[in-house]
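Right, one structure below, let's go through it.
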Amino acid sequence: MNRLEELWLTVSVGILVIFMFIIGYQTFALGMGPPSHKETIDPQQVDQIEPFDEPGLKMLGDKQYEVVMILQAFAFTPSHIEIPIGSEVEFTMTSKDVTHGFQIPGTNINAMVMPGHIQKISHTFNEPGEYLVVCNEYCGIGHQAMSTTITVK
Ligand SMILES: [Cu+2]
């Protein structure tokens, strides 16, 4: 084998081994992983399990809100939320049936909401207006009608 070929092989295999070691260290020693599967829920019991037994807008503090939201074919509960301008809102969501999406076009809110999982995403609404919320995961025959609004004023 050519000397340069040997060098190339050694370096490229070496880089692979180093990367695998780093990922293994992060996963097993530091416990780092993707955020999915962190909080799970039985999708058939959503209505009985806190906080989803009382979906809605909750005030946490000054300009701080939490929205506990249930997604199902083909609706967002609660719908047509009103939020004071400048509020930081944490959305806590789950699905009762299939995978839905939660996207607010024009913001960087875009989350996948899966049955059995609790999804959290937060956003500060600094611009007044009516924000359209759409489901961006095809979820069935009424998918295109699955939308609601958030009014910020
Ligand atoms: Cu949907």
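The values are calculated or read from the model by the stated rules, or taken from the named source; none is laboratory data. Treat the numbers as computed from the prediction; the structure is a model and nothing was measured. Glycine gets a Cβ as well: all are built from the backbone with ideal geometry, and neighbour counts include every protein chain shown.
Scanning the stretch 1-51 for residues that are assigned to a loop (DSSP other than H, G, I, E, B) and surrounded by fewer than 10 Cβ atoms within 10 Å (Cβ to Cβ) gives 1, 2, 30, 31, 34, 35, 50.
Test of understanding: among 106, 86, which residue is free of Cβ contacts under 8 Å to residues at least 60 places away in the same chain, in the same structural domain as residue 139 (by TED's automatic domain parsing), more than 16 Å from the ligand (Cβ to nearest atom) and within 15 Å of residue 136 (Cα to Cα)?
Working: 86 fails: within 15 Å of residue 136 (Cα to Cα).
Just a single option satisfies the conditions, and that option is 106.
This table checks each residue for (1) modelled with pLDDT of 95 or more; (2) closer than 30 Å to residue 87 by Cβ.
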residue	(1), (2)
1	no, no
9	yes, no
19	yes, no
32	no, no
43	no, yes
56	no, yes
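Residue 100 meets the stated requirement of being touching a strand residue (DSSP E or B) at 6+ places or on another chain (Cβ under 7 Å), farther than 14 Å from residue 67 by Cα and within 15 Å of the ligand (Cβ to nearest atom).
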